[in-house]
Amino acid sequence: METAFSRPGRWWRGNFHTHSTLSDGHRSPEEVCRFYETQGYDFLSLTDHFLEHYDWPLADTRPFRSRTFTTILGAEIHPAQDRMELGAPWHIVAVGLPLDFAPSPLEETGPELARRALEAGAYVVAAHPQWHTMTDRDLEALGPIHALEIFNASCADDNDTAESAYMLDLALGRGQRLTACATDDAHFVLNTRDRAAGWVMVKSETLAPDALVAALKAGHYYFSSGPEIHALDVVPGRCLSLRCSPADRVFLLGGPAKYNMVGEQGITEAEFDLSDWTQPYARVLVRDDAGRKAWTNPIWFEDSDR
């Protein structure tokens, strides 16, 4: 069965939720780009808050590209007045926006804004759902967005809500075809762990921004806060096997309450029997001895030739 791991190309490490002094970040756009480049990242999308309060910033980071590092234009977009079910503002990350993306008019809702970003060609993500108590009805209202942010490093030091995997499993259990992601949401605040702590590994033949956005939309990536996944092979109805950096647990997760686990300190390989796996999808979670994690996107078995 084809997965991101079996596709042609190479892995590119990137982050696509980060802020600068154009909104509420503490470093300039150039400083942010240079930080990620020196940390060994291959790409960055600087996603400042696209709000009137900040004069609608959509950072043009093209001057900060190099031969080995690229940027994708994007923003964290918010409707001017509309709120989610429990009263919090909408936070929607849009990666691959055009520079002339129009400000949100007063009457635009969160779902309407997400739809406009999709129509503009962006990869669209519901940001940090646990941080601002997004409900399942909010997520459903956003329609055919691409992904849910289930790890946000900045939220760990805000209110201990870095992880939002429960919302992903709820959506998947209802048949919603979402991918997921891990990000920094870095603001470069002193004494926080909001940078180089959550990232995506995208499989693409080139580092071209359009190719990266296409791969993100297609789900051709895994994401991590530490471990690496080197290989993953799936034979639907038979087995799933993987190789990874040293870990202490590897989980095969479905829903509801469907899971398998392989545990051994320093484990670098795992294999799962799928002969009695009745769920339509599975996703893999690798956890190391420091509690850091790597996740695959959901693998939908009905998409195979099974």
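Out of all the residues in the stretch 247-256, is one or more under 22 Å from Trp11 (Cα atoms) and at pLDDT 95 or above?
Yes, some residue in the stretch 247-256 is under 22 Å from Trp11 (Cα atoms) and at pLDDT 95 or above.
Are there any pairs, at least 6 apart or on different chains, whose C-beta atoms fall under 8 Å, with the first in the stretch 277-289 and in contact (Cβ under 8 Å) with a residue 24 or more places away in the chain and the second among the polar types (S, T, N, Q) and assigned to a loop (DSSP other than H, G, I, E, B), and if so, which?
Listed by first residue and then by second, the contacts come to Arg283/Asn297.
Condition check ((1) modelled with pLDDT under 95; (2) among the hydroxyl-bearing types (Ser, Thr, Tyr); (3) farther than 23 Å from Ser204 by Cβ; (4) not assigned by TED's automatic domain parsing to the domain that holds Gln130) across all residues:
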{"residue": "Val32", "(1), (2), (3), (4)": "no, no, no, no"}
{"residue": "Tyr36", "(1), (2), (3), (4)": "no, yes, no, no"}
{"residue": "Tyr41", "(1), (2), (3), (4)": "no, yes, no, no"}
{"residue": "Thr47", "(1), (2), (3), (4)": "no, yes, no, no"}
{"residue": "Arg62", "(1), (2), (3), (4)": "no, no, no, no"}
{"residue": "Thr68", "(1), (2), (3), (4)": "no, yes, no, no"}
{"residue": "Glu76", "(1), (2), (3), (4)": "no, no, yes, no"}
{"residue": "Pro89", "(1), (2), (3), (4)": "no, no, yes, no"}
{"residue": "Val93", "(1), (2), (3), (4)": "no, no, no, no"}
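Quick one: in the stretch 24-38, which of the residues that are within 22 Å of the chain's Cα centre (by Cα) and in contact (Cβ under 8 Å) with a residue 40 or more places away in the chain is farthest from Gly74 (Cα to Cα)?
Looking at the filtered set, the residue picked out is Phe35.
Tell me the residue from Asp24, Asp48, Asp55 that is of a type outside the set (Phe, Trp, Tyr) and on the phi > 0 side of the Ramachandran plot, please.
Asp55
Search the stretch 235-249 for residues being in a strand (DSSP E or B) and free of Cβ contacts under 8 Å to residues at least 40 places away in the same chain, and hand back the single one that is farthest from Ala162 (Cα to Cα).
Cys239
The conditions are (1) farther than 24 Å from Gly14 by Cβ; (2) over 19 Å from the mean Cα position of the chain (by Cα), and Thr135 fails exactly one of them. Which is it?
(2)
This table checks each residue for (1) basic (Lys, Arg); (2) farther than 30 Å from Leu22 by Cα; (3) in the same structural domain as Trp131 (by TED's automatic domain parsing).
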{"residue": "Asp160", "(1), (2), (3)": "no, no, yes"}
{"residue": "Leu172", "(1), (2), (3)": "no, yes, yes"}
{"residue": "Gly175", "(1), (2), (3)": "no, yes, yes"}
{"residue": "Ala182", "(1), (2), (3)": "no, no, yes"}
{"residue": "Glu205", "(1), (2), (3)": "no, yes, yes"}
{"residue": "Gly219", "(1), (2), (3)": "no, no, yes"}
{"residue": "Arg243", "(1), (2), (3)": "yes, yes, no"}
{"residue": "Ala257", "(1), (2), (3)": "no, yes, no"}
{"residue": "Ser275", "(1), (2), (3)": "no, yes, no"}
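Residues in the stretch 197-219 that are among the hydrophobic types (A, V, I, L, M, F, W, C), over 14 Å from the mean Cα position of the chain (by Cα) and farther than 20 Å from Leu97 by Cα: how many?
0
Are any residues in the stretch 235-250 surrounded by fewer than 19 Cβ atoms within 10 Å (Cβ to Cβ) and in contact with a Lys or Arg (Cβ under 8 Å, 6 or more places away or on another chain), and if so, which ones?
Hits for the stretch 235-250 are Pro236, Gly237, Asp248, Arg249.
Look at the stretch 42-74 and say how many of its residues are among the hydroxyl-bearing types (Ser, Thr, Tyr), buried (at least 19 other Cβ atoms within 10 Å of the Cβ) and either in contact (Cβ under 8 Å) with a residue 60 or more places away in the chain or not in a loop (DSSP other than H, G, I, E, B) (or both).
Of the residues in the stretch 42-74, 2 are among the hydroxyl-bearing types (Ser, Thr, Tyr), buried (at least 19 other Cβ atoms within 10 Å of the Cβ) and either in contact (Cβ under 8 Å) with a residue 60 or more places away in the chain or not in a loop (DSSP other than H, G, I, E, B) (or both).
Is it true that Leu232 is surrounded by 23 or more Cβ atoms within 10 Å (Cβ to Cβ), outside any loop (DSSP other than H, G, I, E, B) and at pLDDT 95 or above?
Taking the combined requirement at face value, the residue does not satisfy it.
Between a residue in the stretch 186-215 that is closer than 16 Å to Thr47 by Cα and any residue that is surrounded by fewer than 16 Cβ atoms within 10 Å (Cβ to Cβ) and polar (S, T, N, Q), which pairs come within a Cβ distance under 7 Å, given they are 6 or more apart or on different chains?
Note: pairs meeting the criteria are Ala196/Gln39.
Answer with yes or no whether Asp138 is in the same structural domain as Asp82 (by TED's automatic domain parsing), among the charged types (D, E, K, R) and surrounded by 15 or more Cβ atoms within 10 Å (Cβ to Cβ).
It is true that Asp138 is in the same structural domain as Asp82 (by TED's automatic domain parsing), among the charged types (D, E, K, R) and surrounded by 15 or more Cβ atoms within 10 Å (Cβ to Cβ).
I'm trying to understand the selection: among the residues of the stretch 181-204, which are under 15 Å from Ala214 (Cα atoms) and of a type in the set (Gly, Ala, Ser)?
If the condition is that a residue be under 15 Å from Ala214 (Cα atoms) and of a type in the set (Gly, Ala, Ser), then Ser204 is the only one that fits.
Just checking, does the stretch 277-286 include any residue being under 22 Å from the mean Cα position of the chain (by Cα) and over 21 Å from Gln176 (Cβ atoms)?
Within the stretch 277-286 (the criterion being under 22 Å from the mean Cα position of the chain (by Cα) and over 21 Å from Gln176 (Cβ atoms)), the answer is yes, since at least one residue qualifies.
The values are calculated or read from the model by the stated rules, or taken from the named source; none is laboratory data. Computed from a predicted model, the values in this text were never measured in an experiment. Positions of Cβ are generated from backbone atoms using ideal geometry, with glycine treated the same way; all protein chains shown enter the neighbour counts.
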